[in-house]
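Every number here is computed from the coordinates shown, using simple stated rules; none is lab data. As the structure is a computational prediction, the values presented were derived from the model and not from experiment. Because the Cβ atoms are built from the backbone with ideal geometry, glycine has one as well, and the counts that use them run over all protein chains shown.
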Amino acid sequence: MSVEPRRYRFRILNFCNARFLELKVARSSADTHGPAIWQIGTDGGLLDRPVRLSGSLLLAPAERADIIIDFAGFSDQSLLLLNSANAPYPDGDPPDPKTNGRVMQFRVDLRRQGKDTSFDPAARGASLRGGQDQPPAIVRLTKPEKGEIAQGVTISRRRQLILVEVEGDGGPLEVLVNNTKWDGRRENNGDPINGFKPDGRGNWVSELPQIGSTELWEIINLTEDAHPMHLHLVQFQLLNRQKIDADGYKSAYSAAFPGNNFTAGYGPPQDYNTPNSDFAVGGNPAVSRFLQGPSRSPDPGEQGWKDTIRSFPGEVTRIVVRWAPLGVPVHSAKAGVNLYPFDPTVGPGYVWHCHILDHEDNDMMRPYSPTW
């Protein structure tokens with residue numbers, strides 16, 4: 001792409017079926033003096049303020065980013081958009097610098113047409129929301145800098161949900177959300193899982209959030225790789241991430257199944273709707289006693305509305321989910337009031353899943369149904 005020595009805005013979607021992308025712009029992989037990447041938006045729209053990324057932009061499959069790159073000062077130079085993400089992410093093989101390590105080339109070989117009057121993310125006090133002629137500031141469900149629930153936000157339900165890999169002799173056979181197949185039936189005998197409700201289409205549903213409610217979902221990744229977890233219908237905010245004693249939790253998790261052994265496709269080992277000692281539903285052992293170290297606040301580029309989030313191995317990823325459209329103040333999100341311009345409780349329903357194509361097509365997906 002030939003560009004002028006000025007600012008350009010790019011809207012980027014990682015459309016790879018499985019590959020994470022860790023992107024930077026430089027003259028070579030060893031160059032540390034390329035133009036900065038400023039992030040101005042996430043999956044759900046603009047951030048409150050632009051964020052200068054430190055080093056690179058990390059995007060999982062289906063994640064989007066709205067960015068600005070300033071090519072001023074690079075006239076008559078060629079720059080590369082480079083990818084350094086291992087595959088699988090984060091502990092797989094590094095990309096080949098001659099092939100999938102290079103995404104595209106920028107040639108700063110055009111003459112600048114007049115003064116660059118576009119939005120300058122590096123300007124002192126630059127904002128994207130909340131200022132004059134700007135959209136309102138983001139309604140906060142979380143305090144992103146501290147990784148805490150925002151004041152005045154009431155969590156109506158806490159869920160602890162497992163990402164688990166089913167191993168075979170030659171490697172993974174399938175990866176499941178909450179050890180549950182798409183249809184909500186037990187893999188060993190085809191029986192519906194206790195506590196699940198039929199959706200009238202042959203499936204048995206476990207996640208039944210109430211319209212207008214706000215929930216805390218804790219996604220516990222017991223697999224070896226990172227997964228981009230995506231929820232339909234809603235946007236959410238990342239609360240924090242925290243490492244866990246994965247081996248210890250796996251032992252407690254396996255021991256909770258009948259016969260004290262993990263059973264693939266059985267569903268959660270305990271009753272889904274009975275809260276555990278963390279007061280969380282989901283049918284899994286409480287994760288609190290396996291937590292390690294302090295939680296990590298969202299990265300600056302994750303502090304907006306999201307619908308796809310990276311869940312890393314050996315960690316719990318916490319998201320705050322509100323079943324209401326963007327921009328509706330939290331205090332008006334009351335059960336029994338339809339905040340959507342349609343009735344989300346009718347029709348075929350919605351899904352939450354891993355957005356790696358090979359995984360979502362191999363049962364790492366579950367239907368869910370909003371309720372009144």
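Every Cα-Cα pair in segment 142-368 was counted, and those over 24 Å apart are 42% of them. Each residue of segment 161-173 was assigned a 3J(HN,Hα) from its phi angle through the Karplus expression (A = 6.51, B = -1.76, C = 1.60, θ = phi - 60°), giving 10, 9, 9, 9, 9, 9, 8, x, 4, x, x, x, 8 Hz with x at Gly and Pro. Counted by Cβ distance under 10 Å from Gln292, the other residues give a net charge of -1, where Lys and Arg count +1 and Asp and Glu count -1.
On full extension, the segment bounded by Trp372 and Ala286 gains 28.2 nm, given 0.36 nm per residue less the C-alpha separation. Estimated from the Cβ-Cβ distance and a Förster radius of 30 angstrom, the FRET efficiency linking Tyr340 and Ala126 is about 0.35.
On the beta carbon distance between Ser29 and Ser295, with R0 = 30 Å, the FRET formula returns roughly 0.35.
For segment 7-107, the ratio of Cα radius of gyration to the globular rule of thumb 2.2 N^0.38 Å stands at 1.06. Footprinting exposure proxy ranking of His232, His33, fewest other C-beta atoms within 10 angstrom first, gives His33, His232. If you line up the long axis of helix 246-255 against the longest principal axis of the chain, both from Cα atoms, how many degrees apart are they, to the nearest 10? It works out to around 20 degrees. For Arg296, the residues whose amide H sits under 5 Å from its own are Arg241, Gln242, ignoring neighbours fewer than 5 places away on the same chain, with H placed 1.01 Å from N. Charged neighbours of Leu82, selected by a Cβ distance under 11 Å, balance to +1 (K, R count +1; D, E count -1). Working from Cα pairs under 8 Å separated by at least six residues, relative contact order for segment 7-107 is 35 percent. GNM remark for the chain: springs join alpha carbons under 10 Å apart, and the peak mean-square fluctuation among Gly248, Gly265, Gly114 falls on Gly114.
Considering only alpha-carbon pairs that sit under 8 angstrom and 6 or more positions apart, the relative contact order computed for the chain is 21 percent. The calculated FRET efficiency for Ser156 paired with Asn100, based on their beta-carbon distance and R0 = 41 Å, is about 0.40. Taking θ as phi - 60° and the Karplus parameters 6.51, -1.76 and 1.60, the scalar couplings of segment 130-135 work out to x, x, 5, 6, 10, x Hz in sequence order, x denoting glycine and proline.
Taking every alpha-carbon pair under 8 Å whose residues sit at least 6 apart, segment 174-319 reaches a relative contact order of 37 percent. Counting other Cβ atoms within 10 Å as a rough exposure proxy, the listed residues Thr263, Thr317 run Thr263, Thr317 from fewest neighbours to most. Note on Ser2 and Asn261: the extension gain reaches 87.3 nm, defined as 0.36 nm multiplied by sequence separation minus the Cα-Cα distance. The alpha carbon centroids of segment 70-85 and segment 133-176 are separated by 34 Å.
Here's how it looks for Thr142: its modeled amide H is under 5 Å from those of Ala150, which are all 5 or more places away or on a different chain. Taking amide H positions as modeled 1.01 Å from N, with prolines and chain starts lacking one, the residues under 5 Å from Ala36 and 5 or more places away or on another chain are Asp70. For the chain, a Gaussian network of Cα nodes joined below 10 Å ranks Ser213, Ser78, Ser295 by mean-square fluctuation, and the top entry is Ser78.
Listed by chain and number, the lysines whose alpha-carbon sits under 23 Å from that of Lys250, ignoring those within fewer than 8 places in the same chain, are Lys181. Please identify every one of the trypsin sites (Lys or Arg not before Pro) in segment 81-126 that sits in a loop by DSSP and has no more than 16 other beta carbons within 10 Å of its own beta carbon. In loop regions of segment 81-126 (DSSP not H, G, I, E or B), the sparsely surrounded trypsin sites (Lys or Arg not before Pro) are Lys98, Arg111, Arg112, Lys115, Arg124. Taking θ as phi - 60° and the Karplus parameters 6.51, -1.76 and 1.60, the scalar couplings of segment 350-366 work out to 9, 9, 10, 6, 7, 8, 6, 4, 4, 7, 5, 7, 10, 6, 8, 7, 9 Hz in sequence order, x denoting glycine and proline.
Placing a pseudo-label 7 Å from each Cα along the Cα-to-Cβ vector at Arg52 and Ser84 gives an inter-label distance of 1.8 nm.
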